[in-house]
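Visitor: Mind looking over this structure? Questions follow.
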Amino acid sequence: MSDDGLVELVLRSTRVITPAGTRAASVAVSAGRITAVLAHDAEVPAGARLEDFGDDVLLPGLVDTHVHVNDPGRTEWEGFWTATRAAAAGGITTLVDMPLNSLPPTTTVDHLRTKQDVARTKAHIDIGFWGGALPDNVKDLRPLHDAGVFGFKAFLSPSGVDEFPELDQEQLARSLAEIAGFGGLLIVHAEDPHHLAAAPQKSGRKYADFLASRPRDAEDTAIANVIAQAGRLDARVHVLHLSSSDALPLIAAAKREGVRVTAETCPHYLTLTAEEVPDGASEFKCCPPIREAANQDLLWQALADGTIDCVVTDHSPSTADLKTDDFATAWGGISGLQLSLSAVWTEARKRGHTLEDVVRWMSSGTAELVGLDDRKGAIEAGRDADFAVLAPDETFTVDPAALQHRNRVTAYAGRTLYGVVRSTWLRGERVVSEGEFTEPTGQLLSRRR
Ligand SMILES: [Zn+2]
């Protein structure tokens, strides 16, 4: 590493995805940062190493702002070592960890420190943290904000774990007012508990019964309530893992009216459909659920028109024994870290979208969501030298044995996907190449002040 501005590394490709479009270029790197994007045939400075990727695409490392690492406490579900290896293998160079499913949950500064201490030596990529908003921790929100969390997650319906209770409307208003007071961000799992309670709850192996138990109107109502509160308080809110296309007009209208709301969706909502989920196949279970093909078409439209801002994995694994064949009781969560780029790209290209679109949804858009867009999410001078090298026209068939996350349960087994990640680079160092990893060099990130 050099601190004197000398270029140490030049990455060259005929297809470099920059904010100004895709072009043949050479990217100069010094001390872990991009110093310049030069002509493809630019002279390599004396002493610098050249990596020429030919026609493989050089894109900014993905920023995945929705990952459940579960470490410490439920490390048998997932840990920082395995999650960050899976992420790196999939072209992700930054993840932001959700506050729940680890023990402790990230709901006080002490708990945040505990998590950071565990993550520090195991991170193959950079890691940031979300805080959690619980009914009884309003006093902890500002200290957590000051300690560098990127925002606060709240549930409006039961979260699935006892230590992370949901907020009712009054508690939501109180937390949101506090967060708005210091200019923070609230991110919401938006399903309304009353609509869920009113839906038919049948146990068993039938996916249709599970789908009926998590109706669209539960999402639509919760999102309407969150938007109303955000508008009233001029607060910044973000809708997590949007599945119901019926909520899209609400979000679009709120954005037009100046409400500070953004939304994300996930690879599984964009690439898998309710019609194809086999009975008993709870590797497809998540909440809100994967819905019908017609719903999926509208999610893609909303990505194209900007109603949905970004795509994140919501990687939320458990041990295999909790993925029983009863949809009512099986753990809800899909493990997508390693396959998210290829899964989304496979469907995107079929629908006429470009890799630039995918980069906008999965790298620059997410970096912007968490305020990391001074360092991450684009190939331009001044940003961290984080990259994925992708062979976009090459295919592979998903073999669970090749996955790096701890419990190799996957909804993508046997699928043929476009886009092979050849290597992933973090601050100018190759962290994985053809399945070979270096020692972890990831850093812990804090919200920009
Ligand atoms: Zn989640």
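Visitor: Within the range 6-64, which strands (runs of 3 or more DSSP E) (wholly inside it) include 3 or more residues that are within 25 Å of residue 367 (Cα to Cα) and of a type outside the set (Asp, Glu)?
Guide: 9-18, 21-30, 33-39, 57-60
Visitor: To continue, here is another question. Starting from the range 312-325, take each residue that is over 30 Å from residue 369 (Cα atoms) and in contact (Cβ under 8 Å) with a residue 60 or more places away in the chain and list its partners that are charged (D, E, K, R) and surrounded by fewer than 15 Cβ atoms within 10 Å (Cβ to Cβ), counting only C-beta distances under 9 angstrom and pairs at least six apart or across chains.
Guide: So the pair list comes out as 319/76; 325/279.
Visitor: Restricting to the range 262-293, count the residues that are more than 16 Å from the ligand (Cβ to nearest atom), among the hydrophobic types (A, V, I, L, M, F, W, C) and more than 15 Å from residue 347 (Cβ to Cβ).
Guide: 3
Visitor: So, one more: Determine whether residue 94 is buried (at least 21 other Cβ atoms within 10 Å of the Cβ), more than 16 Å from the ligand (Cβ to nearest atom), part of a strand (DSSP E or B) and within 19 Å of the chain's Cα centre (by Cα). Show your work before the answer.
Guide: Numbers: buried (at least 21 other Cβ atoms within 10 Å of the Cβ): yes; more than 16 Å from the ligand (Cβ to nearest atom): yes; part of a strand (DSSP E or B): yes; within 19 Å of the chain's Cα centre (by Cα): yes.
So residue 94 fits the description; yes.
Visitor: May I pose another question? Just checking, how many residues over the range 359-418 are at pLDDT below 95 and among the aliphatic types (A, V, I, L, M)?
Guide: 6
Visitor: Kindly list the number of the only condition in (1) more than 16 Å from the ligand (Cβ to nearest atom); (2) more than 21 Å from residue 70 (Cα to Cα); (3) assigned to a loop (DSSP other than H, G, I, E, B) that fails for residue 388.
Guide: Among (1) more than 16 Å from the ligand (Cβ to nearest atom); (2) more than 21 Å from residue 70 (Cα to Cα); (3) assigned to a loop (DSSP other than H, G, I, E, B), the lone unmet condition for residue 388 is (3).
Visitor: Out of 187, 125, 179, I need the residue that is β-branched (Val, Ile, Thr), more than 30 Å from residue 82 (Cα to Cα) and buried (at least 18 other Cβ atoms within 10 Å of the Cβ). Which one?
Guide: Working: 187 fails: more than 30 Å from residue 82 (Cα to Cα); 125 fails: more than 30 Å from residue 82 (Cα to Cα).
Selected residue: 179, the only one of 187, 125, 179 that is β-branched (Val, Ile, Thr), more than 30 Å from residue 82 (Cα to Cα) and buried (at least 18 other Cβ atoms within 10 Å of the Cβ).
Here's the yes/no breakdown for (1) β-branched (Val, Ile, Thr); (2) within 16 Å of the ligand (Cβ to nearest atom):
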residue	(1), (2)
379	yes, no
393	no, no
405	no, yes
414	no, no
434	no, no
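Visitor: Could I ask something else about it? So residue 158 passes all but one of these: (1) in contact with an Asp or Glu (Cβ under 9 Å, 6 or more places away or on another chain); (2) within 16 Å of the ligand (Cβ to nearest atom); (3) within 21 Å of residue 309 (Cβ to Cβ). Which condition number does it fail?
Guide: (3)
Visitor: Restricting to the range 97-122, and then to whatever is in a loop (DSSP other than H, G, I, E, B) and more than 16 Å from the ligand (Cβ to nearest atom), can you tell me which residue is surrounded by the fewest Cβ atoms within 10 Å (Cβ to Cβ)?
Guide: Per the stated criteria, the residue is 121.
Visitor: Quick one: is residue 298 in a helix (DSSP H, G or I) and surrounded by 23 or more Cβ atoms within 10 Å (Cβ to Cβ)?
Guide: no
Visitor: When you scan the range 123-199 for strands (runs of 3 or more DSSP E) that lie fully inside it, which ones turn up with 1 or more residues that are closer than 23 Å to residue 113 by Cα, touching a His at 6+ places or on another chain (Cβ under 8 Å) and free of Cβ contacts under 8 Å to residues at least 40 places away in the same chain? Break it down into steps so the answer makes sense when it comes.
Guide: Numbers: elements: 126-129, 152-155, 185-189.
Per the criteria, 152-155.
Visitor: If a residue must be of a type in the set (A, V, I, L, M) and buried (at least 20 other Cβ atoms within 10 Å of the Cβ), how many such residues does the range 274-295 contain? First the steps, then the outcome.
Guide: Our first condition is that a residue be of a type in the set (A, V, I, L, M); within the range 274-295, this holds for 274, 277, 281, 290, 293-294.
Those still in the list that are buried (at least 20 other Cβ atoms within 10 Å of the Cβ) too: 277, 290.
Going through the range 274-295 one residue at a time, the tally reaches 2.
Residues checked against (1) of a type in the set (A, V, I, L, M, F, W, C); (2) over 27 Å from residue 157 (Cβ atoms):
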{"site": "297", "(1), (2)": "no, no"}
{"site": "310", "(1), (2)": "yes, no"}
{"site": "316", "(1), (2)": "no, no"}
{"site": "328", "(1), (2)": "yes, no"}
{"site": "341", "(1), (2)": "yes, yes"}
{"site": "345", "(1), (2)": "yes, yes"}
{"site": "394", "(1), (2)": "no, yes"}
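Visitor: On to the next question. For the range 245-261, what are the residues that are outside any helix (DSSP H, G or I) and either acidic (Asp, Glu) or within 16 Å of the ligand (Cβ to nearest atom) (or both)?
Guide: Listed by number, the list holds a single entry, 257.
Visitor: Could you say which residue among 85, 74 is of a type in the set (Lys, Arg) and away from the ligand (no atom under 16 Å from the Cβ)?
Guide: When all the criteria are applied, what remains is 85.
Visitor: Could you grab the pairs with beta carbons closer than 8 Å, sequence gap of 6+ or different chains, first residue in the range 413-436 and on the phi > 0 side of the Ramachandran plot and surrounded by 17 or more Cβ atoms within 10 Å (Cβ to Cβ), second one of a type in the set (A, V, I, L, M) and in a strand (DSSP E or B)?
Guide: Between residues of the range 413-436 that are on the phi > 0 side of the Ramachandran plot and surrounded by 17 or more Cβ atoms within 10 Å (Cβ to Cβ) and residues that are of a type in the set (A, V, I, L, M) and in a strand (DSSP E or B), the close pairs are 419/390; 419/391; 428/9; 428/29.
Visitor: Restricting to the range 260-281, and then to whatever is out of contact with any strand residue (DSSP E or B) (no Cβ under 8 Å at 6 or more places or on another chain) and either of a type in the set (Phe, Trp, Tyr) or free of Cβ contacts under 8 Å to residues at least 40 places away in the same chain (or both), can you tell me which residue is farthest from residue 295 (Cα to Cα)?
Guide: 276
Visitor: Next question, about the same structure. Is it the case that residue 104 is modelled with pLDDT of 95 or more, in contact with a helix residue (DSSP H, G or I) (Cβ under 7 Å, 6 or more places away or on another chain) and more than 16 Å from residue 159 (Cα to Cα)?
Guide: no
Visitor: Right, another one. Within the range 227-244, track down each residue that is part of a helix (DSSP H, G or I) and either within 16 Å of the ligand (Cβ to nearest atom) or among the basic types (Lys, Arg) (or both).
Guide: 232
The values are calculated or read from the model by the stated rules, or taken from the named source; none is laboratory data. All figures in this text were calculated on a predicted structure; none of them were measured in a lab. With ideal geometry, Cβ positions are generated from the backbone for all residues, glycine too; neighbour counts draw on all protein chains shown.
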